[in-house]
Amino acid sequence: MPDPAVEDFSVGDVIVGAPLTVTRDDIVEFAKDFDFQPFHLDETAAESTFAGRLIGSGWHTAALGMRLLQQGPFRGGSSLGAPGIDELRWLAPVLPGDALTLTYRVVGTRDSASKPGLGFVTASLALDNQRGETVLTQRFTFMLARRGTDPLPPRPVETGAPGPVTEPEDAEILPFLKDAEIGSVRDLGAYPFSAEAIVAFAQAYDPQAFHLDHEAAKQTHFGGLCASGWHTAAAYMNRLLTTRARDAAYTATRGPVPEAGPSPGFKSLRWLKPVYAGDTVRFSTRLTDKRASASRPGWGLAFARNTGVNQRGEPVFAFDSAVFHRWEP
């Protein structure tokens, strides 16, 4: 299919896609790789959690939104990439058997100030289930070329296999949110991006040319095979939960372990540089604020700035999160 162009989108356009059914296996398989919290993995374990039942990972829902965007508004083609997501909200849980339908609205277009012939499209996206509930909304911008514009030259990049990664052995006490220190930083360790993993994720969720095929990616302005931005985000979640599991085990030998819950959404997500096959990204999280929940006694919201840096010391990823945590014992 031909790639979409700036001329294909005008302010006020609304595109509604075909529904996509999410199975229990879909939910659990994604969770095993990236978001292995009990309410995403097992019905029985989920009953005693904040969620109370098996629900899909929010990152899984966002990745499915990308799949529906590529199948619908992009018509199977590829954009020139996206700088990030202004805001994303998870409004209702995705349950096994839900059928998700995408509604896409164009809210703005502009020409690139630095790259003639290129433009940016700003859109809102909503995913609704078969019960008429909106489960996700997001506002984002992506880059496209105008028809007849010469393609951007490929960047000079090297791809390969990531180097070995050693799992850290450090551990810290997990405080209840009431006692957590604003400004505290937790290193989350490194995540390697192999070509095989990049392609597998893209096939499932983001089948754009520069995520799928080495040779095709070399011909794009990315210059080499690079990971979906949602793959980078899912890798952050993997590292967050891997580190938390180690901290939880350490905390359990000294006292109660505070439970973490789901997230209502995030803001200002930025994909700052491409993550290429062979890159290793080290993630970290810094607590920026906290508040007790008025609607959920005993719980609070933790606000954090989360970042990822590649092996060359270059920032590649950042976003501001909000997550429910136990406020006090």
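Data for the structure
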{"item": "Along each principal axis, Cα extent of the chain, largest first, Å", "result": "65, 46, 35"}
{"item": "GNM top mover of Arg239, Arg146, Arg312 - the chain, alpha-carbon springs below 10 Å", "result": "Arg312"}
{"item": "Selection of trypsin sites (Lys or Arg not before Pro), the stretch 44-142, meeting DSSP coil and at most 14 other Cβ within 10 Å", "result": "Arg53, Arg75, Arg131"}
{"item": "When each of Lys32/Lys290; Lys32/Lys178; Lys115/Lys273 is checked by Cα-Cα distance, pairs over 26 Å", "result": "Lys32/Lys290; Lys32/Lys178"}
{"item": "Helix 229-252 vs. the chain, principal-axis angle (Cα, 0 to 90°, nearest 10)", "result": "10 degrees"}
{"item": "The chain, relative contact order in percent, only Cα pairs under 8 angstrom and at least six apart counted", "result": "19 percent"}
{"item": "Diffusion constant of the stretch 1-147 at 10 °C, which comes from Stokes-Einstein with the Kirkwood Cα-pair radius and 1.306 mPa s, µm²/s", "result": "97 µm²/s"}
{"item": "Computed over the stretch 17-173: relative contact order in percent, which uses C-alpha pairs under 8 Å that are six or more apart", "result": "21 percent"}
{"item": "Summed residue charge, Cβ within 14 Å of Ala318's Cβ, Lys/Arg positive, Asp/Glu negative", "result": "+3"}
{"item": "Relative contact order (%) - the stretch 172-329, alpha-carbon pairs under 8 angstrom, separation at least six", "result": "31 percent"}
{"item": "Angle in degrees between helix 24-33 and the longest Cα principal axis of the chain, rounded to the nearest 10", "result": "80 degrees"}
{"item": "Taking N as its residue count, the alpha carbon Rg of the stretch 172-329 over 2.2 N^0.38 Å", "result": "1.17"}
{"item": "Amide hydrogen neighbours beyond the local backbone of Trp299, cut-off 5 Å, H modeled", "result": "Ser293, Trp327"}
{"item": "Sparsely packed GluC sites (Glu not before Pro) within the stretch 16-80, loop by DSSP, other Cβ within 10 Å at most 16", "result": "Glu47"}
{"item": "With Cα atoms, 0 to 90° folded angle of helix 195-205 axis to the chain main axis", "result": "90 degrees"}
{"item": "Enclosed volume per residue, in Å³, of the convex hull spanned by Cα atoms of the stretch 141-233", "result": "177 Å³"}
{"item": "Nearby aspartates and glutamates by direct alpha-carbon distance to Lys218 (threshold 19 angstrom, same-chain neighbours under 8 apart not counted)", "result": "Asp3, Asp150, Glu158, Glu196, Asp206, Asp279"}
{"item": "Estimated vicinal HN-Hα couplings, Hz - the stretch 299-312 in sequence order (Karplus 6.51, -1.76, 1.60; Gly, Pro = x)", "result": "10, x, 10, 9, 10, 9, 9, 10, 9, x, 10, 7, 5, 8"}
{"item": "Under-5 Å amide H pairs with Glu87, H placed in peptide plane, nonlocal only", "result": "Arg139, Ser268"}
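Where a number appears in this text, it was derived from the coordinates with a stated rule and is not lab data. Keep in mind it's a predicted model, so treat the numbers as computed, not measured. Please note: Cβ atoms are built from the backbone with ideal geometry, for glycine as well, and neighbour counts cover all protein chains shown.
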